[in-house]
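Right, one structure below, let's go through it.
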Amino acid sequence: MSVTAEPVSAPPAGRTEPDERQIRVDLAAAYRLVALYGWDDLIFTHISARVPGPEHHFLINPYGMLFEEITASSLVKVDLDGKVVEETTYPVNPAGFTIHSAVHDAREDAHCVMHLHTTAGVAVSAQADGLLPLNQTAMLVRGDLAYHDYEGVALNHDERPRLVADLGDKPAMLLRNHGTLTVGNTVASAFLTMYFLERACATQVATLGGGVKIYWPTDEVQALVTKQAQFGRGAIDNLAWKPLIRKLDKIDPSYKD
């Protein structure tokens, strides 16, 4: 399923603002990294980013391109209703932007919203106890994690207030029986939060599948790690994002096109 709008004239060459250009490059990089880590689900999940300016415009993937194909210039610009505002030959996925638009609209800090359907993320979202404090990574993210009950394919706009209320001011969410979602004030921040969440979920699935008795950290240690998680995230995001970009540049720099 997809929605399109009447094409409008593309902006003259050179009109793209530097800030938007950098956001396009970062967002395209995030799509390529999702593919590189094997987190993609063909064409069916999304990462969106807010474009600077008063128009409340956003960038999202062209529906019909694999994440490994996405480039800065191929990203589709839409308004808060999902209407395409610049000429493109690609549609956008309405189910994808239903979730993203709700978060972008409700959260001023939601410059980037990432949503995935990984095997581990969906598996943990379907477990009644959610993310467990089984490992350091899980303990680092559990205090920042919200939950939203499954209500079917995200086509119903009536669901959006409930999703936003469940997310609150958290940077991460498990969408029950569905997948993972993260929010960041930069693409790097949303990506690194997702990295930690997905890592914690994958480790939980491996741990529970081991068939042996589990060693549980004490409540005191869990509380300490949750407290420690509040320090230095912005610096860590920046430190980790730069080498990830270098890695992409070595593999295939065409995401910048």
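Only the coordinates and a few stated rules stand behind these numbers; no lab work does. It should be emphasised that the depicted structure is a prediction, and the values quoted were computed from it without experimental measurement. Positions of Cβ are generated from backbone atoms using ideal geometry, with glycine treated the same way; all protein chains shown enter the neighbour counts.
List the lysines whose Cα lies under 26 Å from the Cα of K247, skipping any in the same chain that are fewer than 8 positions away.
K256
Which one of H117, L80, T137 has its Cα pushed farthest toward the positive end of the charge dipole of the range 18-256, where Lys and Arg give +1 and Asp and Glu give -1 at the Cβ?
It is T137.
From the phi of every residue in the range 80-86, what ³J(HN,Hα) in whole Hz does the Karplus formula 6.51 cos²θ - 1.76 cosθ + 1.60 yield, where θ is phi - 60° and glycine or proline is x?
5, 8, x, 7, 5, 10, 9
Counting helices only, and only those DSSP H runs with n ≥ 4, report the 222 nm mean residue ellipticity of the chain as the sum of -39,500 (n - 2.57) divided by its residues, in deg cm²/dmol to the nearest 500.
Here the helix-only value at 222 nm equals -13000 deg cm²/dmol.
To check my understanding: the extent here is largest minus smallest coordinate of the Cα atoms along each principal axis. What are those three numbers for the range 18-256, in Å, largest first?
57, 43, 31
Could I have the simple spin-label model distance between D41 and H56, label points 7 Å from Cα toward Cβ, reported in nm to one decimal?
In this crude spin-label approximation the distance works out to 2.7 nm.
Let me know the charge dipole size of the chain about its Cα centre in debye, to the nearest 20, where only the beta-carbon of Lys, Arg (+1) and Asp, Glu (-1) is charged. List each step's numbers first, then the result.
Values: 22 positive and 32 negative charges, 165 e Å.
The dipole magnitude comes to about 800 debye.
Give the dimensionless ratio obtained when the Cα radius of gyration of the range 24-69 is divided by 2.2 N^0.38 Å.
Working: Rg = 11.2 Å, N = 46, 2.2 N^0.38 = 9.4 Å.
In units of the 2.2 N^0.38 Å rule of thumb, it is 1.19.
Which longest uninterrupted range of the chain lacks any chymotrypsin sites (Phe, Trp or Tyr not before Pro) assigned by DSSP to a loop state (not H, G, I, E or B) and surrounded by at most 11 other Cβ atoms within 10 Å? Write down the numbers at each step before the final one.
Numbers: sites that count: Y215, F231.
Counting only loop sites that pass the neighbour cut-off, the longest clear stretch is 1-214.
Of all beta bridges DSSP finds with both residues in the range 92-239, what is the antiparallel percent, to the nearest 5? Write down the numbers at each step before the final one.
Working: 9 of 13 bridges.
Percent antiparallel among DSSP bridges in the range 92-239 is about 70.
Given points 7 Å out from each Cα along the Cα-Cβ axis, report the T218 to Q230 separation in nanometres with one decimal.
So the two model labels end up 2.1 nm from each other.
Can you give the charge dipole size of the range 138-257 about its Cα centre, rounded to the nearest 20 debye, using +1 on the beta carbon of Lys and Arg and -1 on the beta carbon of Asp and Glu?
Numbers: 14 positive and 14 negative charges, 96 e Å.
Result for the range 138-257 is approximately 460 debye, rounded to the nearest 20.
Send over the semi-axes of the range 70-132's equivalent ellipsoid, whole angstrom and largest first, taken as the square roots of 5 times the C-alpha gyration tensor eigenvalues.
28, 15, 11
At N177 and E68, where each label point lies 7 Å from the Cα along Cα→Cβ, what is the point-to-point distance in nanometres?
Between N177 and E68, the simple spin-label model gives 3.3 nm.
In the range 149-247, what trypsin sites (Lys or Arg not before Pro) fall in a loop by DSSP, with at most 12 other Cβ atoms inside 10 Å? Spell out each step's value before the answer.
Working: sites: R162, R176, R199, K213, K227, R233, R246, K247; in loops: R176, K213.
Filter output for the range 149-247: K213.
Work out, step by step, the length gained on full extension between E87 and Y150: first 0.36 nm times the residue separation, then minus their alpha carbon distance; give nm to one decimal. Intermediate values should be presented prior to the final figure.
Details: separation 63, 0.36 × 63 = 22.68 nm, distance 3.43 nm.
That pair, E87 and Y150, stretches by 19.3 nm at full extension.
Find the centroid of the Cα atoms in the range 24-58 and in the range 66-125, then give the distance between the two in whole Å.
Centre-to-centre distance over Cα atoms comes out at 7 Å.
Which order do S101, S48, S254 fall in if you start with the one that has the fewest other Cβ atoms within 10 Å? Show your work: numbers first, answer last.
Working: S101 23, S48 28, S254 14.
Sorted ascending by nearby Cβ count, the order is S254, S101, S48.
With everything on Cα atoms, drop me the angle between helix 219-228 and the longest principal axis of the chain, reported from 0 to 90° to the nearest 10.
For 219-228 against the chain, the angle is about 30 degrees.
Is the shape of the range 184-257 best called rounded, prolate or oblate, per the rule: a/c under 1.5 gives rounded, else a/b larger than b/c gives prolate, else oblate, with a ≥ b ≥ c the square roots of the Cα gyration tensor eigenvalues?
Values: a/c = 3.55, a/b = 1.66, b/c = 2.14.
In terms of gyration-tensor shape, oblate.
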